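Q: My structure is below; once you've seen it, I'll send some questions.
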Amino acid sequence: MMKKNYFLLIIAVLIQACNSVNKNSKVELENVSTINHNGIIISQENIVGQASAKIFSAEIPQKKFNLELVKPYDAIDSSYRVSQWAKEKSALIAINAGFFSIYEKAKGIQLPSYNLNTCYPNNYDPYNALPARNLKINAKWFGTFPNENGVVAWSKKQELFYIDKIKNINYIKLLGNDILFNNFNRYPLNSNITVFTDIWKKPIPIYKSGMLLYSDKSKIIKIEKLSSKGKGFIVPKDGFVVFLSDAVKLPPLKIGDALTLEVKTISSSNLENKLEKIDFIVSGNPILIQDGKIQENYPNTHFYLNSYARTAICQLTNNNILLLVVSGNDESLGKSVGLSIPELSTVMLQKGCYNAINLDGGHSSVFYFNGKVLNRNFSSKEDDCFKIHERSVSDLILVK
C-alpha cells in the first residue's frame, strides 16, 4: 500500500511540475538593437541564458503598410524561399507563415520532412508544399481543415484582424444532394472524394482509379474515367474538378447536371459572416494569447515544451501588428533552437500582444528585413551538405 501511495505521489509531483512549466515560463530578454525604419520598429534581443537563440521582431503601424499573405505564383503546388520571394516582390519585411506538407512533384507522393534541409536543390526540390490546414489568399481557398484549429485572419485594408479558432465544412451539391468531403486541394492518397480548384496551375497527377467530374462552378461540363496510371488533368479556369474513387457509388451522371461547390467557415467567436468575406486566413498552432490572456495547459509534448525556433504574429494592445521570429543554430546537432510554446507565450505577452498565434517554425523560421535574412547565417555554398540551407516554404507574409 505504501509503495502504491508513493508511486501516486511521484505522478502528482510530475503533473504539478508540467503544469508549472505551462504557467510560469519566465523569459528574460536583453535588447541588442532597435531601429525605426519609416515607422516600423525593428528589434533584436538576446534571451538571457541562451547563447544561440535570438529574437527578431517588427512592429508594423496598422493600415500604413501593406500586409500580404502570399503563395508564390498563386499556385497551390509552389514552394519558395522566403528571402528569394521577398526580393522578387520588393518586400521590406517577410516571414514564413503556415504549416505545410511536402510531396514529390512528379507523383504526388508525400515525403518525409528530413529532405528539406539537405543540399539545395536536393533530389525532391522543388517539391510541392501544400498547406497542412487552412489557407485563404485574396478570398480564394487554397486549403481547408475540418477540425477546429487556430488561424490569423485579416483584410487587405487591415480594418479587420482576428486570431480565432475555425473549422471548415465543405460540400458539393450534386443531383440535389449535399455531399460532404474533407480533402480539398490535396492529393487523394486515402480519400474517396477530393475537390481541386483552379489554383492548381499545372496538370495534377492521380494514381488512383475513379472518375473526374469537371464543373464550370454551376454544372458538369465533362466526365472522365480515370485509371491508376497517373494521368494528369487540368482544372478549368474559374471552375473545379471532383475526383471520385471507385468506392463512391452514384446514379448515372450526364453533362449539364448541376454541380456546385461550397466552403463554409465555422468560427468559435461567431465571426462567420466576416471570415467568409475576409481576404487572408492562415492556420497556426497553438493560439498563444487571446484577449490579453495567455492560453494555458498546453499538451505535454515535444512540440510544445521543447525549445524550437518559432515564428509568431500578434495584434498589440495599440492595434499595431507584431511579426516575431526566435531562432538560433546548433550546427553540432543540426537543430534549430529557440523557445518552448509556454516561453513564447510569455515573450508575446511581454511585447504587448493582445491576441497572438504561433505559426510554422523550426527550420522554416525566417525573418527577412531590407534585403537580408537576420535570424540565420545560411551557407552561401548550395552544394555544402554539412550546413543548413534556407528551406523552401508553402506561404509567407510580406510587408511592403
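The values are calculated or read from the model by the stated rules, or taken from the named source; none is laboratory data. Note that the coordinates shown come from a computational prediction; the quantities given were computed from them, not determined experimentally. Neighbour counts run over all protein chains shown; Cβ positions are idealised from the backbone, glycine included.
Q: Could you grab me the full set of residues in region 61-105 that are buried (at least 21 other Cβ atoms within 10 Å of the Cβ) and among the basic types (Lys, Arg)?
A: Lys71, Arg81
Q: Follow-up. Considering only region 196-214, how many residues are of a type in the set (Phe, Trp, Tyr) and free of Cβ contacts under 8 Å to residues at least 40 places away in the same chain? Show your work before the answer.
A: Of the residues in region 196-214, the ones of a type in the set (Phe, Trp, Tyr) are 196, 200, 207, 214.
If we keep only those that are free of Cβ contacts under 8 Å to residues at least 40 places away in the same chain too, we end up with 214.
Of the residues in region 196-214, 1 are of a type in the set (Phe, Trp, Tyr) and free of Cβ contacts under 8 Å to residues at least 40 places away in the same chain.
Q: So which strands (runs of 3 or more DSSP E) are wholly in region 303-400 and hold at least 3 residues that are modelled with pLDDT of 95 or more? If you could, list the steps in order and put the result at the bottom.
A: Working: elements: 310-316, 321-330, 335-337, 353-358, 367-369, 396-399.
Fully inside region 303-400 and qualifying: 310-316, 321-330, 353-358, 367-369, 396-399.
Q: Only one residue in Ser57, Ser52, Ser43 is assigned to a loop (DSSP other than H, G, I, E, B) and of a type in the set (S, T, N, Q), so which one is that?
A: Working: Ser57 fails: assigned to a loop (DSSP other than H, G, I, E, B); Ser43 fails: assigned to a loop (DSSP other than H, G, I, E, B).
On inspection, the qualifying residue turns out to be Ser52.
Q: For Asn270, are the conditions met, namely being at positive phi, assigned to a loop (DSSP other than H, G, I, E, B) and not assigned by TED's automatic domain parsing to the domain that holds Ile102?
A: Values: at positive phi: yes; assigned to a loop (DSSP other than H, G, I, E, B): yes; not assigned by TED's automatic domain parsing to the domain that holds Ile102: yes.
Answer is yes for this residue.
Q: Continuing with the same structure: Counting residues that are under 28 Å from Ser79 (Cα atoms) and either assigned by TED's automatic domain parsing to the domain that holds Ala356 or of a type in the set (Phe, Trp, Tyr) (or both), which strands (runs of 3 or more DSSP E) fully inside region 158-247 reach at least 2?
A: Values: elements: 161-174, 177-181, 193-197, 210-215, 220-226, 240-245.
Per the criteria, 161-174, 240-245.
Q: Now for a separate question. Listed residues Gly338, Gly256; which is within 30 Å of Tyr368 (Cα to Cα) and either surrounded by fewer than 19 Cβ atoms within 10 Å (Cβ to Cβ) or not assigned by TED's automatic domain parsing to the domain that holds Ser209 (or both)? Talk me through it step by step, then tell me what you get.
A: On the way: Gly256 fails: within 30 Å of Tyr368 (Cα to Cα).
Criteria check complete, one pass: Gly338.
Q: Just the residues that are touching a strand residue (DSSP E or B) at 6+ places or on another chain (Cβ under 6 Å) and either of a type in the set (Asp, Glu) or closer than 11 Å to Val242 by Cβ (or both), please, taken from region 193-221.
A: Ile193, Thr194, Val195, Phe196, Thr197, Gly210, Met211, Leu212, Leu213, Tyr214, Ser215, Ile220
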